[in-house]
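The values are calculated or read from the model by the stated rules, or taken from the named source; none is laboratory data. The shown structure was predicted, so the numbers you read here are calculated from the model rather than taken from an experiment. As a convention, Cβ positions derive from the backbone with ideal geometry for all residues, glycine included, and neighbour counts pool all protein chains shown.
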Amino acid sequence: MTHGVKRTIPHPCLTFVCICLQEIGKPKCVLELFDTFPIVQGKSRPIKVLNRLTVVASDPSHFRPNAEYKAYDLVAVYPKTEKLFHAACMTFDVDIICVAVTEKQPFFFKRSPVNGAIERGVFFEISYTPAIRDSTMRRYTIANAISLTETCKGKNLIVTSGAEKPLELRGPYDIANLGLLFGLSEEDGKAAISTNCRAVHLHGETRKTALGIVHTMKKDQPLTERQEEEQVPASKRAKIATVDS
């Protein structure tokens, strides 16, 4: 699959915009990237490494899901405009929607598309590393995160690192406390680094393997006269029998 990237070429009289195609190939096997994996603390199995594709979209044509997308464990989209954000929430077949953290959010979050994403099981991602690197980006990260949190009420939110160096990583309890600065409650802050991340993984598995989900509900059957009598306490049953006689 290919994606178009616009490049402007200056000319004395004209400005040409050429489309450079970038291939999206299949992800590399994690066994080719790592020889061994560390063991999960408290368990006898190694950590599970997932591959992810993040599409930075500034035009609707940039996101065209195909067979290549299903090869990735997780598919994320970073919409640059309000129109694309609405499309990502309501129609794009993705697992994660990224939120700007290195710049001021170019549009306001609206409750309708955000609730639509929550109903579809799509999660929003906030990365905390830019807040560590620079004071200006820290203001952007906190402001954008609070704006999103107020709209989604802390639901379907994950906090990730986006780290490029080991020193930029933080422990889970530090990240959960950082969630308080993002407007999350203590419970939602813990969920953003634990249960919600697990839910994103399961959503990715569903996207890759299933075409839909069947939801069944048990329908209450009407009670017969005998069942109604059996539900009446014995003391009341005796009084009813006496009145009838």
Scan the range 131-153 and tell me whether some residue there is crowded, with 20+ Cβ neighbours inside 10 Å, farther than 26 Å from Cys29 by Cα, in contact with a helix residue (DSSP H, G or I) (Cβ under 6 Å, 6 or more places away or on another chain) and modelled with pLDDT under 90.
yes
Within the set of pairs 6+ apart or on separate chains, which have a first residue in the range 69-83 that is touching a residue at least 24 places away in the same chain (Cβ under 8 Å) and of a type in the set (Val, Ile, Thr), a second that is in a strand (DSSP E or B) and surrounded by fewer than 18 Cβ atoms within 10 Å (Cβ to Cβ), and C-beta atoms under 7 Å apart?
Val75/Leu53
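Residues checked against (1) more than 20 Å from Val56 (Cα to Cα); (2) of a type outside the set (A, V, I, L, M, F, W, C); (3) touching a His at 6+ places or on another chain (Cβ under 8 Å); (4) free of Cβ contacts under 8 Å to residues at least 40 places away in the same chain:
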{"site": "Phe107", "(1), (2), (3), (4)": "no, no, no, yes"}
{"site": "Ser112", "(1), (2), (3), (4)": "yes, yes, no, yes"}
{"site": "Val122", "(1), (2), (3), (4)": "no, no, yes, no"}
{"site": "Tyr128", "(1), (2), (3), (4)": "no, yes, no, no"}
{"site": "Tyr140", "(1), (2), (3), (4)": "no, yes, no, no"}
Give me the residue from the range 157-184 that is touching a helix residue (DSSP H, G or I) at 6+ places or on another chain (Cβ under 8 Å) and in a loop (DSSP other than H, G, I, E, B) and, out of that set, surrounded by the fewest Cβ atoms within 10 Å (Cβ to Cβ).
Glu164
Can you give me the ranges of the helices (runs of 4 or more DSSP H) entirely in the range 1-98 with at least 1 residues that are modelled with pLDDT of 90 or more, surrounded by fewer than 13 Cβ atoms within 10 Å (Cβ to Cβ) and not acidic (Asp, Glu)?
82-90
